[in-house]
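All remarks here apply to the structure that follows.
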């Protein structure tokens, strides 16, 4: 995910995942003799009661370069989200736009996000159930405009392990009182579903995650991934090359 000479913008929210991600990247940076740079970025969304001093004090004590970006996306989300609807989608889009702009300003070559294994699986099911598409969150990808490379260093880490690590390190956790506090979030519903499956069927989450790394395009229905339309010509070509018909082989 990280190459020599990279300038990695670590997106720090104040939650257990982003703290753990920063901590691990700092260890990797030290092990690699600082062949890449780290700059931590926090988006202060102007949520009421947000403790503005926590992250600057923490990062200053560590000696980590950082930038606090102040953008009142909170008011926009509150104003634009209909009553009874979750705020997560709009909040995420606004936050992503600000972070991409900041990455350009900082000259960052990689943007590091703190999503873990369960986040990826939950996103897969949310897209499956509500968007009608097979899509999750890759560990590394280019943005649609090809301007940024986004990485998820915790993609293969279980949330339970991250939680234990965060407790052991005693990170100064900042709770989210915007979308993370909403009781009707479908992501929470999906999380409970996965937890119940894991309780009943050992390693069910691991099996689902492995499935996302073991895709057979020819056994799905997406014509852009597999040339179903020209399947007859493919069979004919194979028969010509093999010197017999598929029917004869069967």
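Key figures
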| quantity | calculated |
| --- | --- |
| Selected residue (only one of 63, 15, 49 is assigned by TED's automatic domain parsing to the domain that holds residue 158 and under 24 Å from residue 159 (Cα atoms)) | 15 |
| Check on residue 190, at pLDDT 95 or above and assigned by TED's automatic domain parsing to the domain that holds residue 11 | no |
| Residue within the stretch 164-171 that is assigned to a loop (DSSP other than H, G, I, E, B), out of contact with any strand residue (DSSP E or B) (no Cβ under 8 Å at 6 or more places or on another chain) and at pLDDT 95 or above present | yes |
| Matching strands (runs of 3 or more DSSP E) fully within the stretch 26-115 where at least 1 residues are at pLDDT 95 or above and within 20 Å of the chain's Cα centre (by Cα) | 37-44, 110-112 |
| Count - residues of the stretch 58-73 that are within 19 Å of residue 169 (Cα to Cα), exposed (fewer than 14 other Cβ atoms within 10 Å of the Cβ) and either in contact (Cβ under 8 Å) with a residue 12 or more places away in the chain or in contact with a helix residue (DSSP H, G or I) (Cβ under 9 Å, 6 or more places away or on another chain) (or both) | 1 |
| Residue identified as out of contact with any strand residue (DSSP E or B) (no Cβ under 7 Å at 6 or more places or on another chain), part of a helix (DSSP H, G or I) and exposed (fewer than 10 other Cβ atoms within 10 Å of the Cβ) among 199, 160, 211 | 199 |
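The values are calculated or read from the model by the stated rules, or taken from the named source; none is laboratory data. What you see is a predicted model; the values in this text were computed from it and never measured. Virtual Cβ from ideal backbone geometry, glycine too; neighbours counted across all protein chains shown.
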